[in-house]
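A quick write-up on the structure given underneath.
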Amino acid sequence: MSYLKFDRRLMANLDESTQREYIRTNRKGAYCCSSIVGCNTRKYHGVLVVPIPTLSPNNHVLLSSLDLTIVQHGVPFNVGIHEYEGDVFSPKGHKYIREYNVDVVSSTTYRVGGVVLRKEFIFCHYVNRALIRYTLLEAHSQTTLRLSPFLAFRDVKMLTHRNDQLDGSYQEATSGVSFCLYPGYPRLYL
């Protein structure tokens, strides 16, 4: 049984679901927060937001979001959602959400055609780490999951724009990759 449970009717209504937010914190001063549909509506929203006192007294958003695309029969279905100027939402992945549960491990269940997928999220207490697990509950044909990280590496009170100082390279790491977009920031491992 969940502490809080939101069904697809609420999740599909962006006027309601983008006004409801969650926050998870740890003992090192880091946090993650967003709206319950995963649409960042504020500058300080993000999957991994950490203090970096050597750069500024404010927290810094390292990972803004981690978007998932489900591919079936060569057709991509993006279950992410972002808000742009003028109340424009794209992609509209919230329409695939069937349920959002808040507990020690929060989970979101998606249905895309014959695919049912659960995303579980844990924020670690003693290290600056977010753990995300995707479980394919049902799939009647070959299914591919594609992850797209939206990297920020910025102060929570600022927005970044295209610039020449950004280091867009990555390094291979054990079971993944790591990024560091600007000097002075820690590496982000995915």
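Values in this text are rule-based calculations from the coordinates and carry no lab data. Remember, predicted model here, so these are calculated numbers, not experimental data. When we count neighbours, we look across all protein chains shown, and the Cβ atoms used for this are built from the backbone with ideal geometry, even at glycine.
Computed 3J(HN,Hα) for the range 100-110, one whole-Hz value per residue from the Karplus formula 6.51 cos²θ - 1.76 cosθ + 1.60 where θ = phi - 60°, is 10, 10, 10, 7, 3, 10, 7, 9, 10, 10, 10, glycine and proline marked x. A simple count of charges around Asn128, restricted to other residues whose Cβ falls under 11 Å of its Cβ and scoring Lys, Arg +1 and Asp, Glu -1, yields +3.
Put simply, the C-alpha atoms of the chain give a gyration tensor, and the ellipsoid matching it has half-axes of 27, 19, 17 Å, longest first.
Full extension of the segment from Val102 to Lys157, taken as 0.36 nm per residue of separation minus the current Cα-Cα distance, would add 17.0 nm.
Panel note: the C-alpha atoms of the range 41-141, placed on their principal axes, show extents of 50, 36, 24 Å (largest first). As a proxy for reagent exposure, ranking His94, His82 by other Cβ atoms within 10 Å from fewest up yields His82, His94.
From helices alone, the chain scores -1000 deg cm²/dmol at 222 nm; the rule is -39500 (n - 2.57) for each run of n ≥ 4 DSSP H residues, then divide by the residue total. The alpha-carbon of Lys43 sits under 25 angstrom from the alpha-carbons of these lysines, leaving out residues fewer than 8 places away in its chain: Lys28, Lys92, Lys95, Lys119, Lys157.
In the range 1-81, Rg over Rh equals 1.06, where Rg is the alpha-carbon radius of gyration and Rh the Kirkwood radius from pairwise Cα distances. Remark: spin-label model distance Leu145-Tyr22 equals 1.6 nm, labels positioned 7 Å along the Cα→Cβ axis. Taking the chain as a Gaussian network of alpha-carbon nodes connected by springs under 10 Å, the highest mean-square fluctuation of the residues Leu166, Leu117, Leu63 belongs to Leu166. Of all aspartates and glutamates in the structure, those lying under 12 Å Cα to Cα from Lys5, and not within fewer than 8 positions of it along the same chain, are Glu99, Asp103. Residues Phe150, Phe123, arranged from fewest to most other Cβ atoms within 10 angstrom of their Cβ, appear as Phe150, Phe123. Taking Lys and Arg as +1 and Asp and Glu as -1, the other residues whose beta-carbon sits under 14 Å from that of Ile52 total +3. Of all the options Val88, Val79, Val37, the one that moves most in a Gaussian network model of the chain with Cα springs shorter than 10 angstrom is Val88. Ranked by how many other Cβ atoms sit within 10 Å of their own Cβ, fewest first, the residues Tyr126, Tyr31 fall in the order Tyr126, Tyr31.
Using a Gaussian network model of the chain in which every pair of alpha carbons under 10 angstrom is joined by a spring, one finds that among Ile81, Ile36, Ile23 the greatest mean-square fluctuation is at Ile23.
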